[in-house]
Amino acid sequence: MNHNFDRLSDRRGSGCFKYDALKMIYGRDDLIPLWVADMDFPVAPAIREALQKRLDHGIFGYNLRLDGFYEAVLNWVDKQYGLKATRDWILSSPGVMPAISLAVSVFTKPGEGVLIQTPVYRPFHNAVTDQGRTLLSSPLVLRDGRYEIDFEDFERQLRQARLFILCSPHNPVGRLWSEEELRRMGRLCQRHGVLVISDEIHADLVYEGKKAISIAALEDFADNTVCCVSPAKSFNLAGLASAVVLVKDAARRELLSAAISRYHLYMGNSFGIDAMIAAYRDADDWLLELLAYLDGNRKFLLETFAEELPQLKMHKPEATYLAWIDFRGLDLPDAAISDLLVNKARLALDPGLKFGDEGSGFQRLNFACPRSLLHEAVARLKQAFNEV
Ligand SMILES: Cc1ncc(COP(=O)(O)O)c(C=O)c1O
């Protein structure tokens with residue numbers, strides 16, 4: 001390994017949400033933060049160099065994305081997700097969530113149905129309900145430790161929907177959708193005239209040498225997909241607020257582009273643009289090592305939960321650095337589970353209810369941190385269980 005992911009970084013006092021908001025969110029700040037989805041690792045050297053170069057330039061006026069930006073994005077989505085796009089498909093956004101919220105506002109009218117697959121990332125729910133659209137849910141079904149789509153229910157919900165927000169891979173349940181599952185979802189959406197917003201922000205974080213496929217890379221689904229891509233998770237760049245949206249259909253692209261322009265969201269920031277180019281062009285080796293390290297964390301947690309914390313069940317994530325942990329064996333209400341974690345084990349996880357009612361009894365654990373923190377977290381958890 002050329003990169004040292006074991007090194008502990010002191011993030012406190014840097015204005016970092018994961019650490020500095022602990023007191024505000026959990027009521028105390030002596031917790032190991034294993035919640036909000038960013039990583040406790042410094043960025044790839046190639047990204048740091050690009051940012052240093054940009055900083056040394058010293059002028060941060062209005063931006064224009066040059067050819068190198070488009071080349072980097074197009075090569076990446078082809079190489080990583082099999083998506084053969086062209087430059088004219090690309091729109092820029094300050095994040096994936098702003099793009100999804102805009103897409104909901106542009107492609108649906110108040111009251112119309114937007115489908116999600118719960119439990120799922122909370123802002124998906126809010127993007128729908130905050131804009132007066134009707135939230136439709138097709139809950140994922142847990143079968144033998146793996147979440148699956150109930151296609152009958154999915155199709156039933158699609159009949160009332162205008163839009164489907166796909167989380168691919170899925171946060172929090174960690175599913176890497178198979179080609180077959182993507183094809184089935186894509187065909188059903190086509191059949192029922194439902195546009196797909198595909199959030200692929202976790203698509204670089206896939207284990208066991210597998211790769212995520214973009215739904216827009218299959219059949220003719222690109223015509224019916226708005227695809228959101230970002231280096232924010234895999235290269236730890238969330239604070240640089242940069243994402244891209246790929247839209248093949250020209251009419252839909254124009255509508256979304258007009259909305260992005262209306263709110264003046266196209267500019268991007270100088271650092272975000274250069275970091276994205278460096279991530280997608282020069283940081284492959286770092287990403288591979290990161291994945292190997294995260295895989296080690298994943299294995300550590302799976303083994304430890306199975307052997308030392310049999311009251312809990314961890315579902316093996318096929319993608320993402322998020323573990324979805326089943327606490328239902330404790331037979332405690334959600335508030336009591338959270339209280340145990342925060343006030344006894346001194347750990348900050350994300351309560352499952354954040355992701356929808358189906359998340360009751362679950363907690364999400366972010367394992368993108370030096371392994372020593374996970375050792376400490378497990379020790380605290382075991383001690384808390386012994387005490388109660
Ligand atoms: C599925 C998913 N989409 C979007 C986001 C946020 O993306 P952005 O910060 O680019 O808005 C996250 C962050 O955790 C996420 O998990």
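The values are calculated or read from the model by the stated rules, or taken from the named source; none is laboratory data. For clarity, every value in this text was computed on a predicted model and none was experimentally measured. Cβ: placed from backbone, ideal geometry, glycine included. Neighbour counts: every protein chain shown. Heads up: the accessible areas ignore ligands, DNA and RNA and are worked out on the full protein's heavy atoms, side chains in. Shrake-Rupley method; radii C 1.70, N 1.55, O 1.52, S 1.80 Å.
In this structure, is residue 87 away from the ligand (no atom under 16 Å from the Cβ), touching a Phe, Trp or Tyr at 6+ places or on another chain (Cβ under 8 Å), outside the structural domain of residue 320 (by TED's automatic domain parsing) and open to solvent by 10 Å² or more (accessible area, probe 1.4 Å)?
yes
So which of 294, 290 is in the same structural domain as residue 320 (by TED's automatic domain parsing), within 20 Å of the chain's Cα centre (by Cα) and within 16 Å of the ligand (Cβ to nearest atom)?
Every option except 294 fails the conditions.
Taking residue 220 as the residue in question, decide whether it is under 18 Å from the mean Cα position of the chain (by Cα) and of a type in the set (Asp, Glu).
no
Within segment 1-25, how many residues are under 22 Å from the mean Cα position of the chain (by Cα) and either part of a loop (DSSP other than H, G, I, E, B) or not hydrophobic (A, V, I, L, M, F, W, C) (or both)?
8
Condition first: in contact with a strand residue (DSSP E or B) (Cβ under 8 Å, 6 or more places away or on another chain), open to solvent by 20 Å² or more (accessible area, probe 1.4 Å) and closer than 15 Å to residue 330 by Cβ. Now tell me which residues in segment 340-375 satisfy that.
Result: 351, single match.
What are the residues in segment 27-49 that are part of a helix (DSSP H, G or I) and in contact with a Leu (Cβ under 9 Å, 6 or more places away or on another chain), if any?
Once the filter is applied, which keeps residues that are part of a helix (DSSP H, G or I) and in contact with a Leu (Cβ under 9 Å, 6 or more places away or on another chain), segment 27-49 yields only 47.
Taking interchain pairs and intrachain pairs at least six residues apart, which have beta carbon atoms under 7 angstrom, with the first residue in segment 239-265 and at positive phi and the second of a type in the set (S, T, N, Q) and modelled with pLDDT under 95?
241/269
So which pairs qualify, if the first residue must be in segment 90-108 and assigned by TED's automatic domain parsing to the domain that holds residue 252, the second must be of a type in the set (S, T, N, Q) and in a helix (DSSP H, G or I), the Cβ gap must be under 8 Å, and the two must be at least 6 apart or on different chains?
Correct list of pairs: 91/257.
Within segment 263-274, identify whether any single residue is among the β-branched types (Val, Ile, Thr) and under 20 Å from the mean Cα position of the chain (by Cα), and answer yes or no.
Checked segment 263-274: at least one residue is among the β-branched types (Val, Ile, Thr) and under 20 Å from the mean Cα position of the chain (by Cα).
Pull up segment 198-246, narrow it to residues that are open to solvent by less than 10 Å² (accessible area, probe 1.4 Å), assigned to a loop (DSSP other than H, G, I, E, B) and of a type in the set (D, E, K, R), then point me to the one that is farthest from the ligand (Cβ to nearest atom).
The extreme case among them is 204.
Counting only residues that are at pLDDT 95 or above and touching a Phe, Trp or Tyr at 6+ places or on another chain (Cβ under 7 Å), which one in segment 1-17 is most open to solvent (accessible area, probe 1.4 Å)?
12
Determine whether segment 337-355 contains at least one residue that is without any contact (Cβ under 8 Å) to a residue 12 or more places away in the chain, farther than 20 Å from residue 304 by Cα and in a helix (DSSP H, G or I).
Yes, segment 337-355 contains a residue that is without any contact (Cβ under 8 Å) to a residue 12 or more places away in the chain, farther than 20 Å from residue 304 by Cα and in a helix (DSSP H, G or I).
Does residue 193 count as modelled with pLDDT of 95 or more, within 16 Å of the ligand (Cβ to nearest atom) and at positive phi?
No; evaluated as a whole, the condition is false for this residue.
Working only within segment 127-137, note down all residues that are within 15 Å of the ligand (Cβ to nearest atom) and either of a type in the set (D, E, K, R) or free of Cβ contacts under 8 Å to residues at least 24 places away in the same chain (or both).
130
Go through segment 101-124 and count every residue that is farther than 19 Å from residue 225 by Cα and within 16 Å of the ligand (Cβ to nearest atom).
Residues flagged as farther than 19 Å from residue 225 by Cα and within 16 Å of the ligand (Cβ to nearest atom) within segment 101-124 amount to 6.
Mind listing whichever residues of segment 52-92 are farther than 24 Å from residue 259 by Cα and either part of a strand (DSSP E or B) or acidic (Asp, Glu) (or both)?
56, 71, 78
Looking only at segment 251-275, which residues are surrounded by 16 or more Cβ atoms within 10 Å (Cβ to Cβ) and in contact with a strand residue (DSSP E or B) (Cβ under 8 Å, 6 or more places away or on another chain)?
Within segment 251-275, 252, 253, 256, 257, 260, 265, 268 meet the criteria.
Can you tell me which residue among 187, 175, 162 is more than 10 Å from the ligand (Cβ to nearest atom), open to solvent by 10 Å² or more (accessible area, probe 1.4 Å), out of contact with any Gly (no Cβ under 8 Å at 6 or more places or on another chain) and of a type in the set (Lys, Arg)?
None of the others qualify; the one that does is 187.
Go through segment 123-176 and count every residue that is in a loop (DSSP other than H, G, I, E, B), touching a Leu at 6+ places or on another chain (Cβ under 7 Å) and either β-branched (Val, Ile, Thr) or at pLDDT below 95 (or both).
Residues meeting the conditions: 2.
Is there a residue being small (Gly, Ala, Ser), farther than 25 Å from residue 284 by Cα, within 16 Å of the ligand (Cβ to nearest atom) and not in a loop (DSSP other than H, G, I, E, B) anywhere in segment 93-100?
Checked against the condition, which is being small (Gly, Ala, Ser), farther than 25 Å from residue 284 by Cα, within 16 Å of the ligand (Cβ to nearest atom) and not in a loop (DSSP other than H, G, I, E, B), segment 93-100 yields at least one hit.
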